[in-house]
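Input: a single structure, listed below in C-alpha cells.
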Amino acid sequence: MNQSKVMKPILDYLFLVMLFSCFFSAVSYSLYSSSCQLQKQFHLNGMHKLGDVILGGIFKVHIFSADPDLSLTSDPHQPDCHGFDVIGFRQAQTMTFAIDEINRNSNLLPNLTLGYSLYDSCNQLGIGFRAALTLVGGQEEQVTLEENCVGTPPVVGIVGDSSSRRSIAISTVLGLYSVPMVSYFATCSCLSDRQKFPSFFRTIPSDAFQVNAMIQILKHFGWTWAGLLFSGDDYGVHAARSVHTDLGPAGGGCLAYTEILPWGDDPAELRRIVDLMRKSTARVVIVFAHESHMINLMKEVVRQNVTGLQWIASEAWTSVDVLQTPHLMPYLGGTLGIAIRRGEIPGLRDFMLQIRPDLHHNNTDGNSMVKQFWEHTFQCRFAPPPAGWVEAGGELCTGQEVIENVETDFLVVSNLRPEYNVYKAVYALAYALDDMLQCEPGRGPFSDNTCAHLQRLEPWQVRYQIVYYLEKVNFTRFGDQVSFDENGDTIPIYDIMNWVWLPDGRTKVQRVGEVKRSAFKGEELILDEDKIFWNFESKQALFPLLYFYFTLHGASGTKTISSQV
C-alpha cells in the first residue's frame, strides 16, 4: 500500500491534536487573565455581517483543496481551495437569507440583530476544523474581556457541517465547551450519542431512521432477499451495521451479500463486486454510498450489462443529476430512493438575485466567497487578474453582470432539500436564543429560578444555555414541525423518490410517497404505487427468483458484515 496514503490520516490527526492543544491553551489562559491572546490566526474563505449576536456557519463552497505540508518541520501553508461548488454556496446564502428574514421579523428577537460569520470547509476535515476553532475563538489577535471574562461569545452557535466525518471531529471538541452545532446534512447514527456529542443537533434525520425507511419499503413490497453495498466511511459503515441488525427483526428479510465499495476507481475490485451482483439471485440492491462511488460502480455495471435490478438509493445519491442520464436509465430506471424532505422558501430567489460583489473591499474582508461565485458564474476575473489571463482572451469582471442572463443552478430553488434544513437550523438557533431572552426572572429554569443573560455570563455559560433551550424548541415552518429529541435528532421525515424513464428518452426523479414518524401514529409509510415507474413488467418480476432460491436454500445465504466493517 502507498505509504503516503497510510501516513496522511495519521498526520491529519496529529495536526488536529496540535490545533486543539493551541486552542485549549488559549481558553485556559483566559481563565487567569482578562486579556486573551489568539494563538494562531487562520486565513479562511468566508462571509461576515455584524450583529448584536453572531451565528457561525460551515459550508462546502469548494470541493477540492491542496494537501498541506504536514511534515511537522514548518508551519503548514494556508489552504488553497479550488473547484467552486455552486450548491454549497447556495446553502451558505440560504443561511444569510434566513438571518435577514429573522432580522425583519418583529416577533422573533425583536430587540436584537443577528449577524453571521460563515466559512468554507473546502470539503476537507482540517480546514473545517480551522473554521470551527476560528468561530469559537474569534479572529482578533487580542481580545480584552470584561472582568471574569464575561460577555457575549464570538458565536453563540454554529450551523454545520455538511458531512458526518467533519461533524464528528468538530463536535467532539465543541461539546467540551458547550458550543451548540446544528447540522443540516450529517446523518451518521453515531452522532446521536449524547455522551460523546452533548451539544450536537441536526435538522436532517439520522441514518438509523433512513435504514428503517428502506426496510419499510422492502417490507411493503415483500422483498426479502437483497444485496447491500456501502462506502467504507462513517456514513456507510454505521448504516450497514443498522441494515444488518434491523433487517431480519423488522422486515423478515435477509442479505445475500454485503460489499464495501472502493474509494476511487479500482477496476479489479469493482469488477469483482459487479460480477457478484450479476451472479447473485438477489434482484434488490441497497446502496448506502456517495455520488463518486455510484459513478465508478455504474461504469462497471454498464460494462457487464447487469440489468433487471431494483435499486434502493440512500439520500446521498438519490437526487444526483449526473446519474440520471438516458445512458444509465436502462440500469437505474425504477430506482426507489430516500430523499431529504423538500421545502419551499418564499423570497429566497429574489434575495439571491440581489447578490453583488463589493468592489470597494478586498478578498480579506469577507467578500471573497461572493467574488469567487461571480468569477465562476460569468467565467471572468476581477482585477488584478491572474498572469496571462487577459492575453489569453479572458474577460475581466465588472460586478455589473446580470445573474439572470446565465444558466446557473444557483437560482434553481424549486426543489430545495439541504437548503431547507439550513433554513430550519438557523431558525432553531434563533428560537432558542429568543426563548432564553424571553425568560422571566423568578421563573427561569436554572438555580433559584434564575434566567440567563447574554452580558452577565461567561461565553461558555451563554452557549450552555443555548443548548438547554435548543432541546426545548418546538416550532413550525411551512407546515413542518421542528423540534429535537433527547439525542438532538429532529422529528424524522423523508420523501420517497422514483427514477422515471420517459417515452421520449428524458428522465426525471419524482416523489411517490413519504415515510415519517409521529408521536401518535409511530412510523408511517405512504406510497402512491400508481405513480411508480418499474424497469421491468412489474414489481412481481422480483418474486420468482426469491421463491426459487428460498425453496432450494432457505435463508442460509445470509452474510454478516461485522468482519468487514
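Things to note:
- Using only alpha carbons, the stretch 391-512 has a radius of gyration to Kirkwood radius ratio (Rg to Rh) of 1.20.
- Entry comment: accessible area of the stretch 389-461 is 53 Å² per residue, from protein heavy atoms only and a probe of 1.4 Å.
- You can think of it this way: the chain between Asp265 and Lys531 has 92.2 nm of extra reach, that is 0.36 nm per residue less the Cα-Cα gap.
- Relative protection proxy for 289-297, 127-135, 376-384, from highest mean packing down: 127-135, 289-297, 376-384 (other beta-carbon atoms within 10 angstrom).
- Scanning residues 5 or more positions from Glu395 or on other chains, those with amide H under 5 Å from its amide H are Arg381, with H placed 1.01 Å from N in the peptide plane.
- Other-chain or far-sequence residues with amide H under 5 Å of Leu261's (modelled H): Phe230, Ser231, Gly232
- Other-chain or far-sequence residues with amide H under 5 Å of Thr187's (modelled H): Ser164
- ³J(HN,Hα) computed for each position of the stretch 129-135 - Karplus, 6.51 cos²θ - 1.76 cosθ + 1.60, integer Hz, glycine/proline x: 5, 4, 4, 5, 5, 5, 5
- Normalised per residue, the accessible area of the stretch 191-346 is 32 Å², obtained with a 1.4 Å probe and no contribution from ligands, DNA or RNA.
- By the compact-protein rule of thumb, 2.2 N^0.38 Å, the alpha-carbon radius of gyration of the stretch 172-295 corresponds to a ratio of 1.20.
- Per-residue 3J(HN,Hα) values for the stretch 216-224, derived from phi via the Karplus relation 6.51 cos²θ - 1.76 cosθ + 1.60 with θ = phi - 60°, read 4, 5, 4, 5, 4, 8, x, 8, 10 Hz in sequence order (x marks Gly and Pro).
- By the Kirkwood approach, averaging reciprocal distances over each pair of separate Cα atoms, the stretch 219-281 gets a hydrodynamic radius of 12.7 Å.
- What the phi angles of the stretch 326-332 give under the Karplus curve with 6.51, -1.76 and 1.60, with θ = phi - 60°, is a coupling list of x, 5, 9, 5, x, 9, 9 Hz, glycine and proline written as x.
- Cross-link pairs beyond the 24 Å C-alpha cut-off, checked among Lys279/Lys531; Lys299/Lys508; Lys424/Lys516; Lys279/Lys299; Lys472/Lys516: Lys279/Lys531
- Per-residue packing, averaged as other Cβ atoms within 10 Å, sorts the ranges 339-350, 102-113 into the order 339-350, 102-113, beginning with the highest.
- Value of relative contact order over the stretch 255-363, rounded to a whole percent, pairs C-alpha under 8 Å and six or more apart: 23
- Size descriptors for the stretch 106-264 (Cα atoms only): Rg and Dmax, in that order, 20.2, 67 Å.
- Spin-label pair Gln481/Lys279, simplified geometry with 7 Å Cα→Cβ offset, distance in nm: 5.1
- Debye log10 I(q)/I(0) for the stretch 437-477, one point scatterer per Cα, at q = 0.21, 0.31 Å⁻¹: -0.70, -1.18
- Packing-based ranking, highest mean first, of 301-310, 527-536 given that Cβ atoms within 10 Å are counted: 301-310, 527-536
- nm² value of the averaged projected area, convex hull over the Cα atoms of the stretch 223-369: 12.7
- Considering the stretch 410-462, its Cα convex hull presents a mean projected area of 5.6 nm².
- Computed over the stretch 365-425, the range of Cα coordinates on each principal axis works out to 46, 28, 17 Å, biggest value leading.
The values are calculated or read from the model by the stated rules, or taken from the named source; none is laboratory data. Not measured: the values here are computed from a predicted model. Cβ sites come from the backbone with ideal geometry, for glycine too, and all protein chains shown count toward neighbours. For accessibility, only protein heavy atoms count, side chains too; no ligands or nucleic acids. Shrake-Rupley method; radii C 1.70, N 1.55, O 1.52, S 1.80 Å.
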